Each structure stands twice: as structure tokens, then as C-alpha cells.
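See structure below.
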Amino acid sequence: MRRLPLLFVLTLLCGLLATPVVAVDALPQVGASAPAFRLQDQNGHWRSPADYHGHWLVLYFYPKDFTPGCTTEVCTFRDDVAKLRQAGASVVGVSLDDTKSHAEFAAKYYVPFPLLADADRKAAAEYGVLSSMVGMHYAKRTTFLIDPEGRIAKVYADVDPKANSSQVLTDLAAMKKAAP
């Protein structure tokens, strides 16, 4: 009879540990100004959304360098970066990893765009993507397409790492076509 309560407690504990706790901050809404930040990239250069004013910016948050989904995503953006640049957009990745990890990740996968280190988690919190699981913090995989005026043009939540880059390219082309 004692086994049943212990089994119940263990099952409950496993369920709680496997459930992510998502940040309560809301994602910035389409039309809102993109939250400002100042972060270092893998080469030690400081970057902010204001650096891209006058151009489209693909700002994507991802959980962790060298993990399968994040590697797929960075390589897909890498493979499409010429098309994105031709469409007038710059690509910037952000995670909570430090600049050293980003430098190793970028070197291993030949990443031709900035990977920003949000070690203090402030940018992820401002963008509403800061999450945690079992005390470990990470940025939830989310992409923001920011227009040349610095406003959020599109939010991609729960991103498919393989499809996100092509989604952005399609939407960017449609938005540019619809612009006056």
C-alpha cells in the first residue's frame, strides 16, 4: 500500500520537471517598436536593433548553441542568408550562451551573421521569450521580422527550425510587394 503514494509523488515530480515554465512577459505585438538592447556578438562587437534602422531585420532567438534544433536553424539561415540579404534583410541570432560559445558555434558551422550573447537574459525577457525548465534558463525559439522603421512586422512563435527561414523569405517578399 505504501508503494502507491510513492509512485504518485514520483510521477507528479517527473511531470513537473518535464514541463517548461514559460516567461510571463508577452511577445511584442505586430506594429510595436522592437525592444532595444545592446549585446555582444561572437566577435566581440556590440550590436543593437538600431544598427539595422532603414533595413529589414530577422531577429531570431534560439535555446542553445550546438543542440540539434538550433544547429538546423542556424544552418538553414546560413544557407539562405544571400537570399535574405538580396531581399534587403539582415539576420541576427540571439541565445543566452556566452560569446565564446557563439564564436565556436559560428566557426564550426561557418555562420556569416552575428550571434548575440544575452548572458544576462534581459533581451530575451524584453522580447517575451525567456523560459526556464528545472532551473535552467533559455530563450524560446521565436523569430521577429522587424521592418526598416524598427517596428515588429511579424512574430513567428514555436518555430520549426527547418522551415523558418523560408517562411521569413516568403513573408518578406509579400510585405515588400504590398508596401506603397
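The values are calculated or read from the model by the stated rules, or taken from the named source; none is laboratory data. It should be emphasised that the depicted structure is a prediction, and the values quoted were computed from it without experimental measurement. A quick note on method: Cβ atoms are made from the backbone with ideal geometry, for glycine too, and the neighbour counts reach across all protein chains shown.
The table below lists the values:
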{"read-out": "Residue in the range 158-166 that is loosely packed, with under 14 Cβ neighbours inside 10 Å, at pLDDT below 95 and not β-branched (V, I, T) present", "value": "yes"}
{"read-out": "Any hit, the range 84-96, residues being in a helix (DSSP H, G or I) and in contact with a Ser or Thr (Cβ under 8 Å, 6 or more places away or on another chain)", "value": "yes"}
{"read-out": "The range 1-28, subset surrounded by fewer than 10 Cβ atoms within 10 Å (Cβ to Cβ), outside any helix (DSSP H, G or I) and not basic (K, R), residue modelled with the highest pLDDT", "value": "A26"}
{"read-out": "Test: residue in the range 43-63 that is at pLDDT 95 or above, among the basic types (K, R), assigned to a helix (DSSP H, G or I) and under 16 Å from L115 (Cα atoms)", "value": "no"}
{"read-out": "The range 167-180, subset surrounded by fewer than 20 Cβ atoms within 10 Å (Cβ to Cβ) and either under 16 Å from the mean Cα position of the chain (by Cα) or among the hydrophobic types (A, V, I, L, M, F, W, C) (or both), residue modelled with the lowest pLDDT", "value": "A179"}
{"read-out": "Residues within the range 143-162 that are closer than 22 Å to G69 by Cα and in contact (Cβ under 8 Å) with a residue 12 or more places away in the chain, tallied", "value": "11"}
{"read-out": "Flag for K140 being over 16 Å from A36 (Cα atoms) and in contact (Cβ under 8 Å) with a residue 12 or more places away in the chain", "value": "yes"}
{"read-out": "Restricting the range 38-95 to residues that are within 13 Å of the chain's Cα centre (by Cα) and among the aliphatic types (A, V, I, L, M), the residue that is surrounded by the fewest Cβ atoms within 10 Å (Cβ to Cβ)", "value": "L57"}
{"read-out": "Residue list for the range 64-79, restricted to those being in contact (Cβ under 8 Å) with a residue 24 or more places away in the chain and not in a helix (DSSP H, G or I)", "value": "K64, D65, F66"}
